[in-house]
Amino acid sequence: MKDRPQITSYCLIQFFLLGLVGITMKEGFYLLGLDNTSPTFASAMQNSVPALTFLMAVILRYESLHLNRINGMAKVLGVLASVGGASIITLYKGPTIYAPHLALHQGQIFLSAFEDANGKNLNLGGILLFGHCLCWSGWIVMQAFVLKKYSAQLTVSAFTCFFGIVQFGTIAAFLEKDPKAWQLNSIEEAYSILYSGLVISGLAAAIQIWTISKGGPVLASIYLPLQTLLVALIASIAFGEEFFLGGIIGAFLIISGLYLVVWGRSQETKSAEEFIVPIEPENHLKENIYNSSIIQPLFPEHNS
């Protein structure tokens, strides 16, 4: 059983930065950006996280990229396909493929990303949402580097959430002076807060950091576009919403992109293993030296 790594002051500083980037800044930019745009535009912007994570990991040399090899091209094409597929599901409808009420009709071809953004500052909202995506990608890559020094994933996730709560609570207490704003007006608000805290910030963050420890930041982020596909499928089945051609095209691109990235990484691992030179044990090396021709007689004796 491995010994639990010690929490040093350097580790606490890293946990504090993870909470600052991954909780406070990421969620703060998202809420402010959503308030100035629309849910559709915010969802479309989040699809850039895998590409930004891949770019950051390559720049920081955490992820290797060889464009002159087929595995490197597969990873790049896979990231672009996943991002493109999620964007198509968000922004493109096309003909109705599945209608719960069996009333097939031609839907709106393109979904306006600004349909609910009348009277809002779209430029500011776009900048804030791009900052949200940068923070999300940076948070994923930062966790990969932290886990190299401190390998206890759940401890890292717990401290990240703790510091994020302290930072966010301090900012909220300083900016929001109206006591009525802190009151819960319905049971639905309480359920949404509990779900956001337990599932999104707790369970999802723990699963994400475990995935990063096993496969790296790129592999963890490349599955994010699946949430767009799953939302479209669940909304169609559970809430009776229509499923459009854009969902089929986007699903094909997302699954193809995931396969290309996973295949590229597996081929990269196989290529690296082929170049590993086995190291002989020290005793075996001494035995070879002892039996070598250096310590043998220069002129072997011959029986007369």
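If you go through region 2-51 one residue at a time, how many are part of a loop (DSSP other than H, G, I, E, B) and basic (K, R)? Steps first, answer last, please.
Of all residues in region 2-51, those part of a loop (DSSP other than H, G, I, E, B) come to 2-8, 37-38, 47-48.
Of the ones still in play, those that are also basic (K, R) are 2, 4.
The total comes to 2.
Pairs, please: C-beta under 9 Å, at least 6 apart or cross-chain, first residue over 19 Å from L226 (Cβ atoms) and in a loop (DSSP other than H, G, I, E, B) and in region 79-104, second β-branched (V, I, T) and modelled with pLDDT under 80?
K93/I109; G94/I109; P100/I237; A103/T96; L104/T96; L104/I97
Considering region 219-234 alone, what residues qualify as being among the small types (G, A, S) and under 21 Å from S137 (Cβ atoms)? Please lay out each step first, then the result.
From region 219-234, those among the small types (G, A, S) are 220-221, 232; that's our starting set.
A220, S221, listed by residue number.
Among the residues of region 111-128, are any more than 21 Å from A232 (Cβ to Cβ), touching a Lys or Arg at 6+ places or on another chain (Cβ under 8 Å), open to solvent by 30 Å² or more (accessible area, probe 1.4 Å) and modelled with pLDDT of 80 or more?
Within region 111-128, none of the residues are more than 21 Å from A232 (Cβ to Cβ), touching a Lys or Arg at 6+ places or on another chain (Cβ under 8 Å), open to solvent by 30 Å² or more (accessible area, probe 1.4 Å) and modelled with pLDDT of 80 or more.
Could you tell me which of the residues L147, L67, L55, L91 is modelled with pLDDT under 85 and surrounded by 13 or more Cβ atoms within 10 Å (Cβ to Cβ)? Break it down into steps so the answer makes sense when it comes.
On the way: L147 fails: modelled with pLDDT under 85; L67 fails: surrounded by 13 or more Cβ atoms within 10 Å (Cβ to Cβ); L55 fails: modelled with pLDDT under 85.
From the options L147, L67, L55, L91, the qualifying one is L91.
Condition first: open to solvent by 60 Å² or more (accessible area, probe 1.4 Å) and within 30 Å of K75 (Cα to Cα). Can you find one or more residues in region 151-163 that meet it?
Within region 151-163 (the criterion being open to solvent by 60 Å² or more (accessible area, probe 1.4 Å) and within 30 Å of K75 (Cα to Cα)), the answer is yes, since at least one residue qualifies.
Among residues belonging to region 1-46 that are basic (K, R) and open to solvent by 30 Å² or more (accessible area, probe 1.4 Å), point out the one that is nearest to C135 (Cα to Cα).
Here is the first cut: in region 1-46, the ones basic (K, R) are 2, 4, 26.
Among the residues that remain, those that are also open to solvent by 30 Å² or more (accessible area, probe 1.4 Å) are: 2, 4.
On the way: K2: 32, R4: 29 Å.
Filtering first and then ranking leaves R4.
Within region 237-248, count every residue that is open to solvent by less than 60 Å² (accessible area, probe 1.4 Å) and modelled with pLDDT under 75. Don't jump to the end; show me each part of the working.
Taking region 237-248 and keeping what is open to solvent by less than 60 Å² (accessible area, probe 1.4 Å), we get 240, 242-247.
With modelled with pLDDT under 75 added as a condition, the list becomes 240, 242-243.
Residues flagged as open to solvent by less than 60 Å² (accessible area, probe 1.4 Å) and modelled with pLDDT under 75 within region 237-248 amount to 3.
Could you tell me whether any residue of region 176-188 is part of a helix (DSSP H, G or I), open to solvent by less than 50 Å² (accessible area, probe 1.4 Å), touching an Asp or Glu at 6+ places or on another chain (Cβ under 9 Å) and not β-branched (V, I, T)? Before the answer, list the steps.
In the first step, residues of region 176-188 are kept if they are part of a helix (DSSP H, G or I); the result is 179-182, 187-188.
This time we only want the ones that are open to solvent by less than 50 Å² (accessible area, probe 1.4 Å), so: none.
No: zero hits.
Name the residues in region 195-246 that are assigned to a helix (DSSP H, G or I), of a type in the set (F, W, Y) and either without any contact (Cβ under 8 Å) to a residue 40 or more places away in the chain or in contact with a Gly (Cβ under 8 Å, 6 or more places away or on another chain) (or both), would you?
So in region 195-246, the residues assigned to a helix (DSSP H, G or I) come out as 195-215, 217-221, 226-238, 245-246.
Filter again for of a type in the set (F, W, Y), leaving 195, 210.
Of everything in region 195-246, just one residue is assigned to a helix (DSSP H, G or I), of a type in the set (F, W, Y) and either without any contact (Cβ under 8 Å) to a residue 40 or more places away in the chain or in contact with a Gly (Cβ under 8 Å, 6 or more places away or on another chain) (or both), namely Y195.
Considering region 130-144 alone, what residues qualify as being open to solvent by 10 Å² or more (accessible area, probe 1.4 Å) and under 15 Å from the mean Cα position of the chain (by Cα)?
Step one: list which residues in region 130-144 are open to solvent by 10 Å² or more (accessible area, probe 1.4 Å), which gives 130-131, 134-136, 138-139, 142.
Once the filter is applied, which keeps residues that are open to solvent by 10 Å² or more (accessible area, probe 1.4 Å) and under 15 Å from the mean Cα position of the chain (by Cα), region 130-144 yields L134, C135, W136, G138, W139, M142.
Evaluate region 206-218: report whether one residue or more is under 21 Å from V141 (Cβ atoms), modelled with pLDDT of 80 or more, more than 14 Å from the chain's Cα centre (by Cα) and surrounded by 11 or more Cβ atoms within 10 Å (Cβ to Cβ).
Of all residues in region 206-218, those under 21 Å from V141 (Cβ atoms) come to 206-218.
Filter again for modelled with pLDDT of 80 or more, leaving 206-218.
If we keep only those that are more than 14 Å from the chain's Cα centre (by Cα) too, we end up with none.
No, region 206-218 contains no residue that is under 21 Å from V141 (Cβ atoms), modelled with pLDDT of 80 or more, more than 14 Å from the chain's Cα centre (by Cα) and surrounded by 11 or more Cβ atoms within 10 Å (Cβ to Cβ).
Can you pull out the residues in region 128-162 that are within 20 Å of L52 (Cα to Cα) and of a type in the set (S, T, Y)?
S137
The values are calculated or read from the model by the stated rules, or taken from the named source; none is laboratory data. Computed from a predicted model, the values in this text were never measured in an experiment. Here the Cβ is made from the backbone with ideal geometry for all residues, glycine too, and neighbour counts use every protein chain on show. Surface accessibility is based on the protein's heavy atoms, side chains included, excluding ligands, DNA and RNA. Shrake-Rupley method; radii C 1.70, N 1.55, O 1.52, S 1.80 Å.
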